[in-house]
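I have placed the structure first, in the form of structure tokens, so that the comments after it can refer back to it.
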Amino acid sequence: MSKRNEASYERFITGPIPRFDDRNGGFSKLQRGEIIDLDNLVTMQKGAATVIERALSRDPARKGKKGYKQEDYALKQAGRTIDVYVRKNLFSRDSEVDEHKVDDSEKTTITRKIKRVTGWFGADLVGICEVNPAWVYTHWGDNNAIRSGIANSGDPIELPSWVKSAIVMVIAMDYQRLKKSPAAEGGTDLAYSKMAFTAASVATYIRNLGYHAISCGNDLALSIPLAVDAGLGELGRNGMLITRQFGPRVRICKVFTELSLEPDSPIDIGVQHFCERCEICAKSCPGQAIKYGDRTDKAWDDSNSMNLLKWPVKPMNCLTYWIKNRADCAVCLRTCPFNKPEGPLHSVVRKTIETTSWFDRFFIKMDKVFKYGEQVLTELED
Ligand code: SF4
Ligand code: SF4
């Protein structure tokens, strides 16, 4: 793994990147009824508060289908328990800080302590970066506004002037659960609750040290570029953060803080050259939402950010498939060759991809031969 002075996306920037308006995100469009006619949306989920929850709930007509049974949805919704509470009560907001500030003059020491505590609360990876204002949303989107309850869609977003650092945390999703995708798998939902618990707890810890802190998940700012800046991975063809340890099988949460922490360097783990040769996610995407071929800086629509050469994902195609599927989909995570459990063989492959692009095509072929990305419909109780 090589550390870099600049993030791997920097060389693909073709113009000024405008801040993203969260109202243009796919989930906001879904919430506004721009993807599905809300009148046709029946739900079996008790207390479903948002259109997304209703759209991704159990379809009674498929009650016997493996991976879509009542038990599968019970696990999925239970996995969200902490996430729902934290978004409504703790995310996106600061609160009272201790009147006595601990000494933060030794940047290296306080950064090490914060990272240790973050891992103790449950983060699988943590990185620090300064906050690039280009990654902060301009306005609240419909979905995040409804879930947080502290803002309305269209309210402007500005981070407080005291924000000096972002603590970006990665929560790994369960490898076996994700193998079930696109069936209702539950691992994604549990990871949302883990990120809610972790980020909110870290923010509380920092406030108790006497410094301001705001925890958030997908709200307030784009998580992926912040994670890339914080040295946690690179952006892949599937539009996801690809980490060295877990590939794209992760969720991201962050804490914006008044503490001035030591930033990490961005990393290069070979994702850019590997994705140029591999189109496994594009081929396996049931919604045909992932771009084949070369990068482009042209957006499909206003749901994509501009002026960056990448493989823009079509959120409308993606979410239309989710609704048809009646569950969120993670096929582009499940099938990605970077999604592997720890092991000596996979470590050698990772190391090789980091060093050279010579064996990319061979590894892509082997991934198919060993059928790593195939769906496996096991139940948690099996
Ligand atoms: S989540 Fe599923 S539908 Fe969406 S881009 Fe990934 S594979 Fe395609
Ligand atoms: S499946 Fe292949 S192309 Fe897609 S993100 Fe993973 S490595 Fe890149």
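Some observations on this one:
- Near pairs, Cβ below 9 angstrom, 6+ apart or cross-chain, from the stretch 290-305 (more than 16 Å from ASP22 (Cα to Cα) and modelled with pLDDT of 90 or more) to any residue that is surrounded by 15 or more Cβ atoms within 10 Å (Cβ to Cβ) and hydroxyl-bearing (Ser, Thr, Tyr): ILE290/SER284
- Subset of the stretch 307-329 [in a loop (DSSP other than H, G, I, E, B) and touching a Leu at 6+ places or on another chain (Cβ under 7 Å)]: ARG326, ALA327, ASP328
- Selection over the stretch 119-147 of residues that are of a type in the set (Gly, Ala, Ser), buried (at least 21 other Cβ atoms within 10 Å of the Cβ) and outside any strand (DSSP E or B) gives a count of 3.
- All conditions but one from (1) within 14 Å of ligand 1 (Cβ to nearest atom); (2) part of a loop (DSSP other than H, G, I, E, B); (3) touching a helix residue (DSSP H, G or I) at 6+ places or on another chain (Cβ under 6 Å); (4) not charged (D, E, K, R) apply to PRO337; the one that does not is (1).
- Any hit, the stretch 310-333, residues being away from ligand 1 (no atom under 13 Å from the Cβ) and surrounded by fewer than 15 Cβ atoms within 10 Å (Cβ to Cβ): no
- Of all residues in the stretch 156-168, those satisfying the criterion of being more than 12 Å from GLU258 (Cβ to Cβ) and either more than 23 Å from the chain's Cα centre (by Cα) or among the β-branched types (Val, Ile, Thr) (or both) are ILE157, VAL168.
- Among the residues making up the stretch 341-357, those that are outside any helix (DSSP H, G or I) and over 23 Å from the mean Cα position of the chain (by Cα) are GLY343, THR356, SER357.
- In the stretch 188-211, the condition of being away from ligand 2 (no atom under 16 Å from the Cβ), part of a loop (DSSP other than H, G, I, E, B) and in contact with a Phe, Trp or Tyr (Cβ under 6 Å, 6 or more places away or on another chain) is met by no residue.
- Note on the stretch 251-294: among residues that are under 13 Å from VAL228 (Cα atoms) and of a type in the set (Val, Ile, Thr), the one that is nearest to ligand 2 (Cβ to nearest atom) is VAL271.
- The residues of the stretch 77-118 that are of a type outside the set (D, E, K, R), part of a loop (DSSP other than H, G, I, E, B) and in contact (Cβ under 8 Å) with a residue 24 or more places away in the chain, listed by number, are LEU90, PHE91, SER92, SER95, VAL97, HIS100, VAL102.
- Residues of the stretch 268-298 satisfying the condition of being within 16 Å of ligand 1 (Cβ to nearest atom), surrounded by 15 or more Cβ atoms within 10 Å (Cβ to Cβ) and outside any helix (DSSP H, G or I): CYS278, GLU279, CYS285, PRO286, GLY287, ALA289, ILE290, LYS291
The values are calculated or read from the model by the stated rules, or taken from the named source; none is laboratory data. These figures come from a predicted structure and were not determined experimentally. No Cβ is skipped: glycine too gets one built from the backbone with ideal geometry, and neighbour counts run over all protein chains shown.
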